[in-house]
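To start, the structure under review is shown below, and the notes come after it.
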Amino acid sequence: MSTITLQAPAETENQFNWPLCYEAENFILKRVEAFTEKNSSARELSRRMRDETGTLILDWVDYLLLPTSDEKALRETGYTEDPLADAPDAQKQLWHPEAMLPRVLIAPTNAKYPLALGIRADAVVDFAAAHHLTNKIEGPALSRFRRMLISEENGTRFEVLERRGYRGYVVADVDLTKYAKARELWQTRCRRWPNDSEGMKHGLERIQDMVELVGRDVACHLVFEEERRYWEKRNRAGTEQKRRQDSLGLGWANHDHHTFRSSREHFVDLIRAWELLGFHRRERYYAGKEAGWGAQIVEQPVEGITIFNDVDLNADEVDIDFSRKPLPPQAKLGTIGLWCGLHGESFLEAGMHHLECRFDFALLREQLAAVHIKTMAPFSDFPFLKQAFTQGERWAVRPERITRLRARGLLTEEQAQKFAHEGAIGSHLENLQRKGGFKGFNQKSVSVIIEATDPRKQDAVHKFA
């Protein structure tokens, strides 16, 4: 197990030197392969995932049920007890805390092959409809954990699961009235405000109300379900890829991380919103004076959401915790600040800058190109991490935003006219592939793509793959 140190700032580098866990990944891949050899439904779905959505079955696997004989070898790769999961009696629950790999249940049996494999979809009913399945669904509608048998074959059980703010394996009842009310609170919140401070306050209040109704983990699920939906409606690549994944009843359950952009003024408010939903701080990026930006990565361990939060950052601010200490206004906008000035806060009117999902990197590019969606040149191209944006979606810019930026001297007259007539790049879909279970990011290459997506450079010639 080797260690890659691409992303961590000085004060956290000992905590977030994410390792390459090829031994653990290879162990899991061999078990998935052994399962698909015995289960023809899993084998066929794996083929269709590649051919029809550009995805790999590994990135949809929620859990594997393995025999006792696998436990010792699995633990030697770094798997250990999962402190946040519960499972049926007599089954141990294991996970790899340093790798992005499926969880494992250990059954008290001496079988020589994987006993069960569960893939995760956004909704079991959508999967059932897509595959003409009529098997019984275990767990109440919209509850924390639901599953359905896809097939039993040669001693193996192939299942599809859905989760809402829960990473265990036991079904439970749900208060549908509270659930519906909490969902509507986020779906109906106002995103467009004369004053963004009012909008941030309103959003924080809505989150607090949702948490009181359904708890922070389910509230987190509902917030990001809606945030993906809002982003998708404004991004053609996202709409097309979602259509492809929905054709197999999968939804966005292969999401890797969500990227939000924030003004300096509201960055602390943004992180506060995520804390209310149970997020923990991970890496902080300090790209410094050359890139002019910083980011705080946060992770919600139960719902399994990771967020990359971007903000303009000056060279003399690299030593502060800008996720806790408010940043003062500045006379000049960087890439992130200008994007927020033109489109709004990601938390409010603009929505996410991009959604990153896990794919077969090369295959997805080919498949999107076939429907006339271009992909920019990769900004990470390592054996363990590949990343590229689709061509940016151009959004119209509201006149009052241009007027406000012009009045503050943050746009030239020429820039104001160009944005008024041509709009500005708003969002992307990110094609991402990880290997070795690598959980980290590549700071240097992210800096390159941040600069390349500056609205002032949108007419520059971008290289496409």
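The values are calculated or read from the model by the stated rules, or taken from the named source; none is laboratory data. What you are looking at is a predicted structure, and each value in this text was computed from that prediction instead of being measured. Every residue, glycine as well, gets a Cβ built from its backbone with ideal geometry; the counts of neighbours run over all protein chains shown.
Quick notes on this one:
- Looking across the stretch 298-311, the residues that are of a type outside the set (A, V, I, L, M, F, W, C) and touching a strand residue (DSSP E or B) at 6+ places or on another chain (Cβ under 6 Å) come down to Glu299, Thr306, Asn309, Asp310.
- Lone qualifier among Thr306, Thr259 - being under 17 Å from the mean Cα position of the chain (by Cα), of a type in the set (S, T, N, Q) and within 30 Å of Ala128 (Cα to Cα): Thr306
- Close contacts from the stretch 379-390, counting a first residue that is in the same structural domain as Leu355 (by TED's automatic domain parsing) and a second that is modelled with pLDDT under 95 and assigned to a strand (DSSP E or B), with Cβ to Cβ under 7 Å and a gap of 6+ residues or different chains, come to Lys386/Ser380; Gln387/Ser380.
- Test: Val32 is outside the structural domain of Gln241 (by TED's automatic domain parsing) and closer than 25 Å to Gly440 by Cβ: yes
- Helices (runs of 4 or more DSSP H) contained entirely in the stretch 207-278, each with at least 1 residues that are of a type in the set (A, V, I, L, M) and closer than 14 Å to Ala350 by Cβ: 267-276
- Residue check, Asp70 charged (D, E, K, R) and crowded, with 17+ Cβ neighbours inside 10 Å: yes
- Considering residues of the stretch 405-425 that are among the acidic types (Asp, Glu) and under 14 Å from Pro455 (Cβ atoms) only, the residue surrounded by the most Cβ atoms within 10 Å (Cβ to Cβ): Glu422
- Within the stretch 121-159, being over 23 Å from Asp175 (Cα atoms) and in a strand (DSSP E or B) holds for Leu149, Ile150, Ser151, Glu152, Glu153, Thr156, Arg157, Phe158, Glu159.
- Extreme residue, nearest to the chain's Cα centre (by Cα), among residues of the stretch 30-61 that are among the charged types (D, E, K, R) and within 23 Å of Leu429 (Cβ to Cβ): Asp59
- Members of the stretch 229-254 found to be hydrophobic (A, V, I, L, M, F, W, C) and either free of Cβ contacts under 8 Å to residues at least 24 places away in the same chain or in contact with a His (Cβ under 9 Å, 6 or more places away or on another chain) (or both), listed by number: Trp231, Ala237, Leu248
- Here Cys220 fulfils each of the conditions (1) touching a Ser or Thr at 6+ places or on another chain (Cβ under 7 Å); (2) buried (at least 21 other Cβ atoms within 10 Å of the Cβ) apart from (1).
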